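Chemist: Here it is, the structure, as structure tokens.
No value in this document is a laboratory result; all are computed from the given coordinates. Fair warning: this is a prediction, and the values are worked out from it, not measured in the lab. Methodologically, a virtual Cβ is constructed for each residue, glycine included, from the backbone with ideal geometry; neighbour enumeration extends over all protein chains shown.
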Amino acid sequence: MMLKNKRRNVSLLFLTAISLFLTQPMAWAAGSISGDVAKQALNIPAIVIFILFVLVTLVITYWAARKTSTTKEFYTAGGGIPAWQNGVAISGDFLSAATLLGITSSIYVMGVDGLAIIAGTLGAWPVVLFLIAERLRNLGRFTFIDVVSFRLSASKIRPLAAVSSLFVLVFYLIAQLVGAGKLVQLLFGLDYLVAIISVSLLMVVYVAFGGMLAATWVQFIKSVLLVAGGTILALLLLIQFDFDFGKIFTSAVETHPKGGAIVEVGGWLKDPLSVISLGMTLLFGFIGLPHILMRLFTVKDAAASRKSAFYAISIIGYFQLLIILIGFGALSLIMFNGNYHDAAGDMIGGNNMAVLHVSHLLGGDILLGFIAAVTFATILAVVSGLTISAAATIAHDLYAGTFAKGKVTEKKEMIVSKIAVVGTGVLAIIMGVVFEHQNVVFVSNLAMAIAASANAPVLIMAMFWGGLTTRGAIAGIVLGLASSLLLIVLGPQVMVEVLGMEQAIFPYAYPTVVSVPLAFLSIWYFSISDKSESAAAERLTYQDQFVLSETGIGVQDAVEH
Amino acid sequence: MSALSLSEIRERPAFKELVQKRRKMRVTMISMMMLVFIGYLFAWAFLPEFVNLRLPADSSVTIGIWITVVVVLVAILLSAYYAMIAGKQLDLLNEKLIKDIHHDAKK
């Protein structure tokens, strides 16, 4: 019984790690994200480097603001971002503080089992590329909802899809911000509230003035810094181990009390349903993230969109390989180092700090400051990406597309989108304060589950299935959204972790194993059983959509209109 | 672009060829990636003895570590092939098709 419980906890930890990695709040191991953290001493190099980053990005925002006057420029930087640069920015959306801190710490704690998350991400990404990158670019203008409502009744689909999209973005934002506040306490010795307000303020400034162009540059610079930081760390580590990869693992095995078990798989993924659940979450979760999908519209055509996805995969892959080294390196160097543990033997700041301690060990205060600053920059870049996506959803899909039925002037839509940006900032601060002492793990899982269940199935079906009708799409979004919300609340993360009950009604941390098939089935069933005239007309227009989605004809007209 | 001309494009042999080639490419690439992805997860779940084997035998590096690296590399290579090589050929077909359409439209 004990054993069984333990096993469940391990798998729960894992799913949590995955979701945090995806939705990227920083603290994976319960430590810093679920509880309060102690404020650290002021870290001067970190603050100096971070201020430099902020100054540079503000200058860029000023420059971007002068090139951003139309909605097209605001939402997608005019579609003029080069593919390679967009690729770096997409990788930035992924390479989060959680990749650096969370995955490293999961390797630190569990050894080789942490690698499954890395392989899972890299396995899911190319499928996204092969399946959707090109068609999405050919059919949409600003948001993935453009594609979903392409041949369906836009006035019905847009508001619904916008709501589920906003759910994802807002939950994601909360998880980010709460994590950011705690991280800043740890890294910079600043107050939680100061951190939340400064992150929200900067994000509003970037996006309100510089739009997508500024958001892309912020993401780009941060991504370059992060990859550079990871490379330096890995190099210093390899120098420490005489450039012998094997030595890192040998040393980790010798250091860790579990010995050889640290490079062996543990008790994770023991039943087929867990395997399916993991695969589905990774795969469909990625396909349903609005802010990532939106990036595919910032380049000039389908070919560029495809290429940017490839650049992103390469950078993500390279970074993940570095993380394997850094994780095991941290394990062998930090574990019993008295400088980084308190009297009780716990790591100072929690296990998520492993990578920061390793930076300090290898490169002193300067490298520690650099990595800490990059981590903060990462949060800032990710929340900016979320904000531009939320603004586009509110102004383009809800305001212009639904309430005003497309009859709005460019100027008016721009004003609404800027109000939406400011509103998102205010909401972010409020939510940050409300959730300060909460365990936000389930919030980030919610974001991922809704993305996978409410957004991804309908998007895939809209692009690839001619039989889809408005009724089917509505059913898919509503059921996907409702079932993922419900099952998370009934699942172990809310019932056991938050409410403290013995047993959860729904046994899996991830609802995707139920909610994704349910969404697909309901889309299918409510489409084929739809005998209305409008449904027949919608089925017919798939033929036209098919031609447009394959050739990209009319992309220009669509964009300029 | 009117509905009429779109249905005309749909009937063109060049369009049909493009669509067929692209579909074949997509299906092949997705199956290959899914095979690797699913294979990896299942090995992790059901073949722990294999995943825990040391390679080389006297080291601490397990098959699990190697196959993780392999999945990362396969993902990058497949994407590279799709985005840069296969995609480029399909782009050429696509461009030619669009050029022909514009040409015929002028007539």
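Chemist: Averaged across the residues of A:302-314, what count of C-beta atoms belonging to other chains lies within 10 Å of each residue's C-beta? Walk me through the numbers before you get to the answer.
Modeler: Working: counts 4, 7, 0, 1, 8, 5, 1, 3, 9, 3, 1, 7, 7.
Mean shielding count: 4.
Chemist: Express in % the proportion of alpha carbon pairs of the protein assembly as shown at distances exceeding 43 Å. Walk me through the numbers before you get to the answer.
Modeler: Numbers: 43599 of 222778 pairs.
Tail of the P(r) past 43 Å holds 20 percent of the pairs.
Chemist: Do the sum for chain A: with -39,500 (n - 2.57) for every DSSP H run of n ≥ 4, divided by all residues, what is the mean residue ellipticity at 222 nm, to the nearest 500 deg cm²/dmol?
Modeler: Numbers: 22 runs with 401 residues, N = 561.
Result for chain A, helices only: -24500 deg cm²/dmol.
Chemist: Could you work out the Rg to Rh ratio of the range A:83-194, with Rh taken as the Kirkwood radius (inverse of the mean 1/r over all Cα pairs)?
Modeler: My calculation puts Rg/Rh at 1.06.
Chemist: Here is a further query. For A:His341, what residues show an amide H to amide H distance below 5 Å, using hydrogens built from the backbone and excluding near sequence neighbours?
Modeler: A:Ile348
Chemist: Skipping prolines and chain starts, which residues have an amide H placed within reach, meaning under 5 Å, of the one on A:Gly491, given they are 5 or more residues away or on another chain?
Modeler: A:Phe506
Chemist: Any chance you could give the angle, 0 to 90 degrees and rounded to 10, that helix A:245-255 forms with the longest Cα principal axis of chain A?
Modeler: Orientation of helix A:245-255: about 60 degrees from the principal axis.
Chemist: Let me ask something additional. Which ³J(HN,Hα) values, rounded to whole Hz and listed in residue order, are derived for the range A:499-509 from phi using the Karplus coefficients 6.51, -1.76 and 1.60 in 6.51 cos²θ - 1.76 cosθ + 1.60 with θ = phi - 60°, glycine and proline given as x?
Modeler: 8, x, 7, 5, 9, 8, 5, 9, x, 9, 5
Chemist: Cα centroid distance between the range A:124-179 and the range A:87-114, in Å?
Modeler: Here the two parts' Cα centres lie 24 Å apart.
Chemist: 5 Å is the cut-off here: which amide hydrogens, built 1.01 Å from N in the peptide plane, fall below it relative to B:Thr62, excluding neighbours closer than 5 in sequence?
Modeler: Counting only residues 5 or more places away or on other chains, the set is B:Leu55.
Chemist: Please report how far the C-alpha centroid of the range A:484-499 lies from that of the range B:34-55, rounded to the nearest whole angstrom.
Modeler: If you average the Cα positions of each part, the centres end up 30 Å apart.
Chemist: Which whole number gives the average count of other chain Cβ atoms within 10 Å of the Cβ atoms across peptide A:255-266? Write out the running numbers ahead of the final one.
Modeler: Details: counts 0, 0, 0, 0, 1, 4, 1, 2, 10, 8, 12, 1.
Across the residues of A:255-266, the mean count of other-chain Cβ atoms within 10 Å is 3.
Chemist: Return one number: the angle in degrees, 0 to 90 and rounded to the nearest 10, between the long axis of the Cα atoms of helix A:154-188 and the longest principal axis of the Cα atoms of chain A.
Modeler: Around 20 degrees separate the two axes.
Chemist: How much space per residue, in cubic angstrom, does the convex hull of the C-alpha atoms of the range B:35-85 take up? Show your work: numbers first, answer last.
Modeler: Details: hull volume 3.5 nm³, N = 51.
Hull volume normalised by residue count: 69 Å³.
Chemist: State the Cα centre-to-centre distance between the range A:410-439 and the range A:345-392 in whole Å.
Modeler: Taking the Cα centre of the range A:345-392 as reference, the centre of the range A:410-439 is 24 Å away.
Chemist: What average number of partner chain Cβ atoms lie no more than 10 Å from the Cβ of the residues making up B:12-18? Can you show the working numbers first?
Modeler: On the way: counts 1, 0, 0, 4, 0, 0, 2.
Mean shielding count: 1.
Chemist: Where does the Debye-calculated log10 I(q)/I(0) of the range A:471-555 sit at q = 0.24, 0.25 Å⁻¹, using only Cα point scatterers of equal weight, no solvent?
Modeler: Computed log10 I(q)/I(0) values: -1.03, -1.06.
Chemist: Stick to the Cα atoms of the range A:265-404, pair each with every other, and give me the Kirkwood hydrodynamic radius in Å at one decimal. Can you show the working numbers first?
Modeler: Details: mean 1/r = 0.0524 Å⁻¹.
This gives a value of 19.1 Å.
Chemist: Working from Cα positions, state the angle (0 to 90°, nearest 10) between the long axis of helix A:512-528 and the longest principal axis of chain A.
Modeler: 10 degrees
Chemist: Follow-up. Just the Cα atoms of chain B: what Rg and Dmax do they give in Å?
Modeler: Calculated on Cα positions, Rg and Dmax stand at 22.1, 74 Å.
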